Amino acid sequence: MDKARWLSKISFKGDKIILGLVVFLTVLSILLVYSTGGNKVQSHLVHLFFCYAGLAFFYLVNYKLILEKGALLGLMLALLLVALTLTSRAVRGITFLGRDVQTFYLIGFLVIIFISNYIGRRYNKGEGLTEQNMVYMNIILLVFCACIAALNMSTAIILFVTGMVIFFVGGFTMKHLLRVFGIVVLVVGVLAFVVWKSGDDGKQIGRMSTFVNRLEYYFTKDNVNGYGDQMILARAAIARSGLHPAGPGKGVIKNRLPENATDYAFASLFEETGIVVGLIVLMVYMVIFYRAWKISRASTNALGAILSFGIGFWFTCQALVHIGVNCELLPTTGQTLPFISSGGASLFVSGCAMGMLLNVSKKNIDDADYEDPKQMFYRNRLNEE
């Protein structure tokens, strides 16, 4: 019985499909990094180690305990990171130990955790949500989105959309959501008009000039200022491959493509592996979202249901935006491809997010086991012996 008890403790009880897909994506990331710059593989493997360490930690420690003790502290950390990022000279992050570290992925993850925890715990306590609670949550979301938008518009949009989806799943009234959405559209419209009328002066706000110029290229295809170079090269890399990929390490256009292992990882991978692998990668992210939805539906408490759905949506939304940009379906923006793009911060946060999702799935299985009288009898006998 000691052996059976030991095996029951170390056996993996989370969603095996999600874990397998994560392993598949990280294997592709090693191939991509080696192909785009072989000398970076060692540092990438170190990043993957921390990625899986974060995944293991958030899988093993009860997510309810983590959120109960750390959700508010996480929000305070997110506020600190926002302040440091806005005042830092690093692009889209902060300088830590002499290296530039992107912070927006961690900030978004911490905000999603806090919002999910706040809504889920109120439902678990039988309290529900009042109008004041809804306003409070929206203020938190909008403040963070506004701060992030100054330096990374796409991340702010993804966080806002994810927050609105969580609010919808969490029972916010449609009237309230439409009112908030209308206010945001009005404010963004006014700001866009002011920037447009003020000309070059308005573009000096944060990275507004980059965002506006990329948007202008997307709609006009006028590449006089060179802001469409990345999109042109990414499209060419994808078009060059098709059913006849160049093969691992034999890509040509990827060598001229800026950020070929981060913001344009999908195009670089596509050029060398072709449409089949490209479609498989797209389907992998859709399957992860589907499994997150299944985990949410199977959850026995509101916190687990809201958290797992929010993480699944946020994670998949990042992937779809990255792929959409690489295929020129969306304007150019800096979004990494989860678990494939290189980068320590994005990989670590992705690992933590998937670890927490696997934690919820493990808790669902434990709850289902305890509901089975035979399993309950077996567990009691195991503990007695």
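The values are calculated or read from the model by the stated rules, or taken from the named source; none is laboratory data. Note that this is a predicted model, so its numbers are computed, not measured. When we count neighbours, we look across all protein chains shown, and the Cβ atoms used for this are built from the backbone with ideal geometry, even at glycine.
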- Task: Search the stretch 310-358 for residues being closer than 20 Å to Val161 by Cα, among the β-branched types (Val, Ile, Thr) and assigned to a loop (DSSP other than H, G, I, E, B), and hand back the single one that is modelled with the highest pLDDT.
- Result: Thr336
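For the stretch 135-184, name all the residues that are assigned to a helix (DSSP H, G or I), small (Gly, Ala, Ser) and more than 16 Å from Leu307 (Cβ to Cβ). Walk me through how you get there before you give the answer.
First, pick out the residues of the stretch 135-184 that are assigned to a helix (DSSP H, G or I): 135-149, 153-169, 174-184.
Narrowing further to those that are small (Gly, Ala, Ser): 146, 149, 154, 156, 163, 182.
Correct list: Ala146, Ala149, Ser154, Ala156, Gly182.
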- Task: Give me a count of the residues in the stretch 157-188 that are closer than 24 Å to Arg92 by Cα and either buried (at least 20 other Cβ atoms within 10 Å of the Cβ) or hydroxyl-bearing (Ser, Thr, Tyr) (or both).
- Result: 5
- Condition broken by Met283, with the remaining ones in (1) within 21 Å of Ile30 (Cβ to Cβ); (2) touching a residue at least 60 places away in the same chain (Cβ under 8 Å); (3) part of a helix (DSSP H, G or I) satisfied: (2)
- Is the stretch 108-130 home to any residue that is surrounded by 20 or more Cβ atoms within 10 Å (Cβ to Cβ), within 20 Å of Thr333 (Cβ to Cβ) and out of contact with any Gly (no Cβ under 9 Å at 6 or more places or on another chain)? yes
- Pick from the stretch 85-128 the residues that are without any contact (Cβ under 8 Å) to a residue 24 or more places away in the chain and polar (S, T, N, Q): which of them is farthest from Thr336 (Cα to Cα)? Thr87
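Yes/no matrix, rows are residues, columns are (1) without any contact (Cβ under 8 Å) to a residue 40 or more places away in the chain; (2) of a type in the set (Val, Ile, Thr); (3) closer than 20 Å to Val321 by Cα:
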residue: Asn133; (1), (2), (3): yes, no, no
residue: Tyr136; (1), (2), (3): yes, no, no
residue: Ile140; (1), (2), (3): no, yes, no
residue: Ala146; (1), (2), (3): yes, no, yes
residue: Ser154; (1), (2), (3): no, no, yes
residue: Ile158; (1), (2), (3): no, yes, yes
residue: Met174; (1), (2), (3): yes, no, no
- Query: Is it fair to say Pro258 is surrounded by fewer than 24 Cβ atoms within 10 Å (Cβ to Cβ), farther than 21 Å from Phe104 by Cβ and not aliphatic (A, V, I, L, M)?
  - Reply: no
- Output the residues belonging to the stretch 284-298 that are more than 16 Å from the chain's Cα centre (by Cα) and either at pLDDT below 90 or not polar (S, T, N, Q) (or both). Lys294, Ile295, Arg297, Ala298
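Look at Val281 and say whether it is under 20 Å from Arg240 (Cα atoms) and either touching a strand residue (DSSP E or B) at 6+ places or on another chain (Cβ under 7 Å) or at pLDDT 95 or above (or both).
Details: under 20 Å from Arg240 (Cα atoms): yes; either touching a strand residue (DSSP E or B) at 6+ places or on another chain (Cβ under 7 Å) or at pLDDT 95 or above (or both): yes.
Spelling it out, Val281 is indeed under 20 Å from Arg240 (Cα atoms) and either touching a strand residue (DSSP E or B) at 6+ places or on another chain (Cβ under 7 Å) or at pLDDT 95 or above (or both).
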- Message: What's the number of the only condition in (1) surrounded by 21 or more Cβ atoms within 10 Å (Cβ to Cβ); (2) in contact with a strand residue (DSSP E or B) (Cβ under 6 Å, 6 or more places away or on another chain) that Asp100 fails to meet?
- Response: (1)
- Query: Is the stretch 243-266 home to any residue that is out of contact with any Pro (no Cβ under 6 Å at 6 or more places or on another chain), at pLDDT below 70 and either outside any helix (DSSP H, G or I) or not charged (D, E, K, R) (or both)?
  - Reply: no
- Query: Of the residues that make up the stretch 241-250, is at least one within 24 Å of the chain's Cα centre (by Cα) and of a type in the set (A, V, I, L, M, F, W, C)?
  - Reply: no
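Given Val165, Val180, Val161, which one is touching a Phe, Trp or Tyr at 6+ places or on another chain (Cβ under 6 Å) and modelled with pLDDT of 80 or more?
Within the list Val165, Val180, Val161, the selection yields Val165.
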